[in-house]
Amino acid sequence: MAVRLKFQTTDSQEIELAKRYWAMDEEGTYLERVADLLPFREINQASMVAKFVRQICTAYDENQICPKCDGQIQIGGRAEAKKSLQHSYLPCEDCQKLQQEEKQKQEAKERAELEAKLAPHITRAREMTISYSELPDDAVLILQAIHALVGPRLTQGAFSLGDCEGLTPQGTGGLIDRLYKQDILQDDPSAAEPGTYYLQEGALWFSKASARYFLPPDPDLGGSQAALNTLLDRKLSNSVALTDLWLDHAVTDVMCYLEYQCDVHNHVLDAADIEKIKATVRHGMRKYSVAQMWFIMWKVTRDAAALASRSYYNSETAAATIPNKIRKQLEIADQGTEPRNEWTRPEPHITGSLGMEFYSHFGLDEYSRGTEALAMFDRLDGKDSSDVDLHALAAAFMKTTLEKERALFALGAFAEMVRAGLTTEDALKEAIDRNPGLFQ
Ligand SMILES: [Zn+2]
């Protein structure tokens, strides 16, 4: 018999039943059918026999060897016995138990190491303070946008990246990371899900997706509503920081649209091309509006799709023309043919809470031209963009347009700027800047 039995009973009838159940010839064929062993006492179903036999004896298959200790493997029923000698895939029960204990010990050791590393990190995060009044304007505007999404959890609690998905048209847009790297936002291990923090080669790491972030309290005002109000009521005036953040936001808003158009036309852009496009778009945003850029993105992706169907192009070479096509469109625009500015925001493409902060503070949206936005930020600093004598400028404006018999056009251009909300002086400067042909 290739099955060794270890009895837990001394009842001779039960021992006899177990022996008959497991009895086999040299080829491993069982000598009796299970049904032939019945009835046995109250058991009269074949399906119950194996279960009963398991209760009264343990069976080891002499044909199955444990890969760890070379011992025999315990089996629970006829189908599990092997007809020829082989190593079992799984170790025997004793070895599995040992492995399990070993694994638990190792895990406990790793947990202890992790906790030892985490403890000072938690203490540092809890003791950290940050002076709200010294935070730069761009960070304050981002914090206001985060507050619009997570409310008081910004300072009293913690929030995740997932909570901030509505920050920009492209999720968090890297803004949480940006504040974290600037040591403004902190991570809170005690609020994170288990498994978020781990050790790798002795260093502490965490998964951003499940980490929890918070803004440390102000050293004087704490994390109270009053402290938060100083952030929410901040008068923003740093033109350099705000211009940079506006350009970042505008680029995200344009790239989101480009991504959508690329999906529509099955264009796949490589990482290097995306970086090139971002740089071009960022430069273009100093002059044009997001909506004008959307129009350009719409046009170039459609043109590239038309190219892809030509015999000497494929989808890859056609997509690779997109960065240059964008530059070309901007050159055409710079030479005087302004792109359309009434392109509509697609339904699933949100402005995001940062964009809404720009709108509520400065009235900026996708239709705001870069020139206007940048001039507006410049004015926040109290800087006058030029020392031009306004009286002389106004006189020259009227004289030149009268001489060229373009008075109505010039007044129309001026009125358009006033209607867009510019002051008399700025409207005059813009009307001149935008129509250089009129004054040459
Ligand atoms: Zn073993």
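The values are calculated or read from the model by the stated rules, or taken from the named source; none is laboratory data. Because the structure is a prediction, the values reported are computed rather than measured. Neighbour counts are summed over all protein chains in view; Cβ atoms, including those assigned to glycine, are modelled from backbone coordinates with ideal geometry. Surface areas here come from the heavy atoms of the whole protein model, side chains and all, with no ligands, DNA or RNA. Shrake-Rupley method; radii C 1.70, N 1.55, O 1.52, S 1.80 Å.
Take R4: with every protein chain present and a 1.4 Å probe, its accessible area is about 100 Å². Applying the Karplus relation 6.51 cos²θ - 1.76 cosθ + 1.60 with θ = phi - 60° to the stretch 113-120 yields 3J(HN,Hα) values of 4, 4, 4, 5, 6, 6, 3, x Hz, where x marks Gly and Pro.
If R0 is taken as 22 Å, the Cβ-Cβ distance between R282 and L232 corresponds to a FRET efficiency of 0.15. Considering only K287, K429, K51, the mean-square fluctuation computed in a Gaussian network model of the chain, springs between alpha carbons under 10 angstrom, is largest for K51.
Shape verdict for the chain, please, from the Cα gyration tensor: rounded (a/c under 1.5), prolate (a/b greater than b/c) or oblate. Here the chain falls in the prolate category. Rounded to the nearest whole Hz, the Karplus-based 3J(HN,Hα) values (6.51 cos²θ - 1.76 cosθ + 1.60, θ = phi - 60°) of the stretch 249-265 follow the sequence 5, 4, 4, 4, 5, 6, 5, 4, 5, 4, 4, 4, 5, 5, 4, 4, 9, with x at glycine and proline. The solvent-accessible area of M48, taken with every protein chain present and a 1.4 Å probe, is close to 80 Å². Highest GNM mean-square fluctuation among G355, G174, G284, for the chain modelled with Cα contacts below 10 Å: G174. Close amide-amide hydrogen proximity is noted between G363 and no other residue 5 or more places distant or on a separate chain, at a cut-off under 5 Å (H modeled in the peptide plane; Pro and chain starts excluded).
Rounded, prolate or oblate, given the Cα gyration tensor of the stretch 236-307, with a/c below 1.5 counting as rounded? The shape class here is prolate. Across the stretch 166-195, the residues whose backbone nitrogen lies under 15 Å from the label position 7 Å along the beta-carbon direction of E115 are 190, 194-195.
Legend: residue pairs K181/K276; K51/K97; K404/K429; K6/K97; K117/K181; K328/K404, Cα-Cα distance threshold 30 Å; pairs beyond threshold, K328/K404. Can you give the log10 of the normalised intensity I(q)/I(0) at q = 0.12, 0.14, 0.19 Å⁻¹, computed with Debye over equal Cα scatterers of the stretch 3-91? For the stretch 3-91 at q = 0.12, 0.14, 0.19 Å⁻¹, log10 I(q)/I(0) is -0.37, -0.50, -0.86. Return a whole-number percent for the relative contact order of the chain, with Cα pairs under 8 Å and 6 or more residues apart as the contact set. Relative contact order, the chain: 12 percent. Rounded to the nearest 20 debye, the dipole size of the stretch 344-440 about its Cα centre is 300 debye, using +1 on the Cβ of Lys and Arg and -1 on the Cβ of Asp and Glu.
For the chain, modelled as a GNM whose springs connect Cα atoms under 10 angstrom apart, the maximal fluctuation among W22, W343, W294 occurs at W22.
Of the residues H121, H391, ranked by 1.4 Å probe accessible area with the largest first, the sequence reads H391, H121. Amide H to amide H distances under 5 Å link I73 with D61, Q64, C66, where only residues 5 or more positions off or on other chains count and H is placed in the peptide plane. Our helix-only sum for the chain, with -39,500 (n - 2.57) per DSSP H run of n ≥ 4 divided by its residues, gives a mean residue ellipticity at 222 nm of -16500 deg cm²/dmol. Of the trypsin sites (Lys or Arg not before Pro) found in the stretch 298-387, those that fall in a DSSP loop while having at most 13 other beta-carbon atoms within 10 Å are R310, R340, K383. Applied to the stretch 132-142, the Karplus parametrisation 6.51 cos²θ - 1.76 cosθ + 1.60 on θ = phi - 60° returns per-residue 3J(HN,Hα) values of 4, 6, 8, 5, x, 4, 5, 5, 5, 5, 5 Hz, with x for Gly and Pro.
Spin-label model, D334 to Q86: label points 7 Å out along the Cα-to-beta-carbon direction sit 7.3 nm apart. Counting charges near Q104 (Lys, Arg +1; Asp, Glu -1) among other residues having Cβ under 13 Å from its Cβ returns a value of +1. Rounded, prolate or oblate: which one fits the stretch 105-232, using the alpha carbon gyration tensor with axes a ≥ b ≥ c (rounded when a/c is under 1.5, else prolate when a/b beats b/c, else oblate)? Since a/c reaches 1.5 and a/b is larger than b/c, the shape of the stretch 105-232 is classed as prolate.
Under 5 Å between amide hydrogens, built in the peptide plane, is the criterion, and for K82 it picks out N63 among residues at least 5 positions away or on other chains. Take the Cα of D433, step 7 Å toward its Cβ, do the same at E416, and the gap between the two points is 1.5 nm. Taking Cβ atoms as reference points and 10 Å as the exclusive limit, the residues near G352 contribute a net charge of -3, counting Lys and Arg as +1 and Asp and Glu as -1. Placing a pseudo-label 7 Å from each Cα along the Cα-to-Cβ vector at A23 and A271 gives an inter-label distance of 7.2 nm.
State the Cα centre-to-centre distance between the stretch 45-116 and the stretch 161-216 in whole Å. Their Cα centres are 42 Å away from one another.
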